[in-house]
Amino acid sequence: MTVAVQDIDAVPAFRRWAILFSVTLATMQYAMAILVVSVLLPQMQGSLSATQDEIAWVMIFNILATAVITPMTGWLEAQFGRRRVMLGSMAGFSLATVACGLSPNLAILVLFRIGQGTFGAPLIPLGQAIILDTFPKHQHGLATGVFGMAVVVGPVIGPMLGGILAESYGWPAAFYMFIPFGIIALIGMFLFLTDKGGRQRSGLDWTGFLTLSAAVIGLQLLLSRGQRQDWFESPEIIIEAALALVALHLFVVHTLTAERPFLNPRLFLNRNFVLGLVIVGIYGMLNFTPMVLLPPMLQGILGFPDSIIGVLLGLRGAGAILGFFMAIFISRMDPRIGMAFGFLIQVISGFYMASFDVNVTITDVGINSILQGMAVGIIWVPLTMATFATLDSRYLAEGSAIYHLLRNLGSSIFISLSVTLVIVSTATNYAGMTELISDYNKALTLPWLLGAWNADSAGGLAALSGEIGRQAAMIGYINAFKAYAIASAAVLPLILLVRVPKG
């Protein structure tokens, strides 16, 4: 939905900036909520008596809900209008956030995290559209710069404040800090936001939407619960796999035969767009995975406090701001150069993390967080430019929905796979190392080998077992970080296939 230039110019300057402030505050909260949870995962795991793969659901299913609902943003706007959708999304997101803090167990917490993702999904795409329609073209750069910077700053502020509050008052306090910001954003949008132009009601291809959602949910449940349920030895995993395959088959058949399908198959005839979807899927895989892996590693193995973990994760956001500034200059060149440079930094960051051990310092983790943030900031602009460079403008809205769907889906899938890799590697290495602790191992009789560890008493064996578990877990994280680096490197050949139109 667009508005005439004279309508935009007729909007008073104060109202424009009030809308920018209110909408930006609303979207910044959603950006904060995604990463603030990463700081809370270790504390929530102990408080809710959850395993490592179970507590990861708090992050996974929030991203998954966002992935499923984001493609519906255009239909929601057409049905209810921007003002109602923004107000409803902000109100629902705020209530779900408060309910997360009040959750008595893991199941309820995951349910309300799904609510957060469901209500928060339209905020960023719709918020950006509102700002573009509110400001005249000559102010688009300034307005979108303020909006984009706030969305980037959110992940910096969230982990820092969340870590401090969680350490002082417990993890629910990190959710309660959103209450005043949510009230201010709601009041601002209620007072200043209006619907410009009549709503254009349109039908939604419910068959396509529901079959795609079922396929995504089935795949995610399979990956999230597979390790815990012993994969295909479990009837549950077989059912989830069947659901994903059948739903995907129905979606593909329906998309190819329906008159107006949920996703237009003509989009996939565009080479750059298809390559962009693959690359943004891998970009999404790399985006949030360290946020899930690092906090339990830093607290469980290294004993870092929540406040320090929050600052270390916040440095990632600071690096992203630096990366966005660098992207301003890099974007003047071939976008393939920017993408290659960004993913090369991701490769370096992945192998840097793979070099960590149980004696890793705060400085090492902080430098790595800044590198990851820089890569995220540098990649986004040239990747988006290249993906949509040759796409017909008629398909931009629909193509953008698929683009963000793949980004979020990549995140949720790779988080599940990485957590599974950590768990399997930890168990395998623990079993291998404990086999060496035996009376038959003559090396253990050497007084300088065990050092302070004592294998002659129950207490000594327990302490030794704990240290072996700590070392085995570290190896598990290192293996996951190597997978992260390999995934980053796998993108580089694909970038060479991207075509950049002249001019």
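Values quoted throughout were computed directly from the atomic coordinates according to the rules given, and no laboratory measurement underlies them. Everything numeric here is computed off the predicted structure, so don't read it as measured data. We place every Cβ from the backbone using ideal geometry, glycine too, and count neighbours over all the protein chains shown.
For the range 1-203, the C-alpha radius of gyration divided by 2.2 N^0.38 Å, with N the number of residues, is 1.07.
The Cα atoms of the range 205-261 cover 42, 13, 11 Å along the three principal axes, with the biggest extent listed first.
Taking every Cα-Cα distance in the chain and sorting them into 10 Å bins from zero, the calculated P(r) comes out as 4, 18, 28, 27, 14, 5, 2, 1, 0 percent.
Sorted largest first, the spans of the alpha carbon positions of the range 256-396 along the three principal axes are 58, 36, 23 Å.
For the range 313-354 versus the range 19-77, the inter-centroid distance based on Cα atoms is 23 Å.
Would you mind checking the tilt of helix 362-388 against the longest principal axis of the Cα atoms of the chain, expressed as 0 to 90 degrees and rounded to 10? With rounding to tens, the tilt is 30 degrees.
Descending by average beta-carbon neighbour count within 10 Å, the peptides 469-480, 409-420, 488-499 line up as 409-420, 469-480, 488-499, the highest first.
By the Stokes-Einstein formula, at 1.002 mPa s and 20 °C, the range 42-92 with its Kirkwood radius over alpha-carbon pairs has D equal to 163 µm²/s. Volume of the convex hull of the range 235-307 (Cα atoms only), normalised per residue: 159 Å³. The long axis of helix 82-102 is offset from the longest Cα principal axis of the chain by roughly 20 degrees.
Per the Cα gyration tensor, the range 265-503 maps to an equivalent ellipsoid with semi-axes of 44, 18, 14 Å, ordered largest to smallest. In degrees between 0 and 90, to the nearest 10, how far off the longest principal axis of the chain does helix 13-47 point, with axes built from Cα atoms? So the helix axis and the longest Cα principal axis differ by about 20 degrees.
In a shell of Cβ-Cβ distance under 13 Å around Asp205, excluding Asp205 itself, what net charge do Lys and Arg (+1) and Asp and Glu (-1) give?
So the surrounding residues net to -1.
Restricting to DSSP H runs of at least four residues, report the calculated mean residue ellipticity at 222 nm for the chain, -39500 (n - 2.57) per run over all residues, nearest 500 deg cm²/dmol. If you can, show how the numbers build up before the last one.
On the way: 20 runs with 390 residues, N = 503.
One gets -26500 deg cm²/dmol as the mean residue ellipticity at 222 nm.
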